[in-house]
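First the structure, in the form of structure tokens, and then the observations on it.
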Amino acid sequence: MMGRPVFVLFGSSIVQYSFSNGGWGATLADVYARKADIVLYSEACISVSKEMGIKVIDLWNAMQKREDWATACFTDGLHLSEEGSNIVVEEILRILKEAEWDPCLHWKAMPTEFGEDSPYDLVTSSGKSTINPSEWTFHRKRSWE
């Protein structure tokens, strides 16, 4: 049996704060829960990725699409705000959705571990059946595509 996919996230000190409340690393870990492992790896750059033929996201230009990017996307001019983190998630999910990889690594295309119905799931008010919560997304602030 193969292990589940591993996503390696490249960055710098910005990555360090990505798993805080509203951070892009935390959001990706939530979106890919029980589908893939999210791993952080620092000190890599866009040019090396391009040279190696690895899909890369230019976050700097993605952030600057907003007129107020400097104040909306960063908490202190360096570290990402929740809005900046949302842009990171959007860019990562866009690349994964567009990529023609087999298997597809977009979160909606991936199977969920332990996603099958279970007698240990939540019981309906009638007490006659269960509700499988493994694909619920209503708890998220926004709907990710």
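The values are calculated or read from the model by the stated rules, or taken from the named source; none is laboratory data. This structure is a prediction, so every number in the text was calculated from the model and none was measured. Heads up, the Cβs are rebuilt from the backbone with ideal geometry, glycines too, and the neighbour counts pull from every protein chain shown.
Brief remarks follow.
- Exactly one residue out of VAL48, VAL8 is in a strand (DSSP E or B), hydrophobic (A, V, I, L, M, F, W, C), over 24 Å from GLU135 (Cβ atoms) and modelled with pLDDT of 70 or more, and it is VAL8.
- In region 18-45, residue modelled with the lowest pLDDT [restricted to those that are assigned to a loop (DSSP other than H, G, I, E, B) and within 23 Å of THR75 (Cβ to Cβ)]: GLU43
- Any hit, region 57-66, residues being surrounded by fewer than 10 Cβ atoms within 10 Å (Cβ to Cβ), of a type outside the set (Val, Ile, Thr), at pLDDT 85 or above and part of a loop (DSSP other than H, G, I, E, B): yes
- Number of positions in region 60-87 that are small (Gly, Ala, Ser) and in contact (Cβ under 8 Å) with a residue 60 or more places away in the chain: 2
- Being within 24 Å of ASN21 (Cα to Cα) and at pLDDT below 90 holds for only one residue in ILE95, ILE87, and it is ILE95.
- Pairs linking a residue in region 1-26 that is more than 27 Å from PHE114 (Cβ to Cβ) and of a type outside the set (Asp, Glu) to a residue that is at pLDDT below 75 and surrounded by 14 or more Cβ atoms within 10 Å (Cβ to Cβ), with Cβ atoms under 9 Å and 6 or more positions apart or on different chains, are PHE10/LEU40; PHE10/ALA44; PHE10/ILE46; GLY11/LEU40; GLY11/ALA44; VAL15/LEU9; VAL15/LEU40; GLN16/LEU40.
- Subset of region 88-145 [surrounded by 14 or more Cβ atoms within 10 Å (Cβ to Cβ), in contact (Cβ under 8 Å) with a residue 60 or more places away in the chain and within 28 Å of LYS65 (Cα to Cα)]: VAL88, VAL89, ILE92, LEU93, LEU105, TRP107, TRP144
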